[in-house]
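Enquirer: Can you read through this structure? Questions will come right after.
Computed from the coordinates by the stated procedures, all read-outs in this text should not be read as laboratory data. As the structure is a prediction and not an experimental result, all values here were calculated from the model. All Cβ positions, glycine included, derive from the backbone under ideal geometry; neighbour counts span all protein chains shown.
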Amino acid sequence: MAGASEVRCPEDECTDVLQGAPSERLKTLFEKLSAIRKGKEMGTPLILSLLICQAIKNELRFLTLKALGVRSGWPTAINFETIPSQIMEMKEEIHAFLKNEIVLGSSSAWGTFVNDVARKVDMSLADFSASNEAIRLTVAGMGDNRHAG
């Protein structure tokens, strides 16, 4: 690990550099690697170096995505208490989304879910997606789930 403002990957061929303070996980990994190299702990330095390399890549990816979100005007903090009311305010948009054949056809997860529900209630996929039940299930699934499992 370099200075406190820069973290370099320990792999020889890797040029990834993390600017700023490393996460606690990275600090722990670097400390363990140092202890292994000094003979104070047992372990495989190569595997630990690869874990550090991957952790740096993940942190760089997170920073890139976070910057994209900020540029796009996305919130940096989520108020989970307001989500159910926001969903209800978007009821018409959600309904339109659920009826959109392109969306339904391109999402394998949604298709699997809808097919499973449709099979259970003996309903065709088109009938289910056009039904109020599809909206109720989606809104309920996306809303307040504090009582779940």
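Enquirer: Output the Cα-based Rg and Dmax of the range 1-112 in Å, rounding Rg to one decimal and Dmax to a whole number.
Expert: 21.6, 64
Enquirer: Same structure again: Using DSSP to call loops (not H, G, I, E or B), can you name the chymotrypsin sites (Phe, Trp or Tyr not before Pro) in the range 55-103 whose Cβ has at most 16 other Cβ atoms within 10 angstrom?
Expert: none
Enquirer: Grab the beta carbon distance between Glu41 and Ala67, set R0 = 30 Å, and tell me the FRET efficiency rounded to 0.05.
Expert: 0.25
Enquirer: Cut-off under 27 Å on the C-alpha distance; same-chain residues fewer than 8 positions from Lys40 excluded. Which lysines are left, in chain and number order?
Expert: Correct list for Lys40: Lys27, Lys32.
Enquirer: Shifting gears a bit: Which residues' amide hydrogens lie under 5 Å from the amide hydrogen of Asp16, considering only partners 5 or more residues apart or on another chain, with H built in the peptide plane?
Expert: HN-HN under 5 Å from Asp16: Cys9.
Enquirer: Over the range 1-64, what lengths in whole Å, largest first, do the semi-axes of the equivalent ellipsoid take, defined as the square roots of 5 times the eigenvalues of the alpha-carbon gyration tensor?
Expert: Semi-axis lengths for the range 1-64 are 20, 12, 10 Å.
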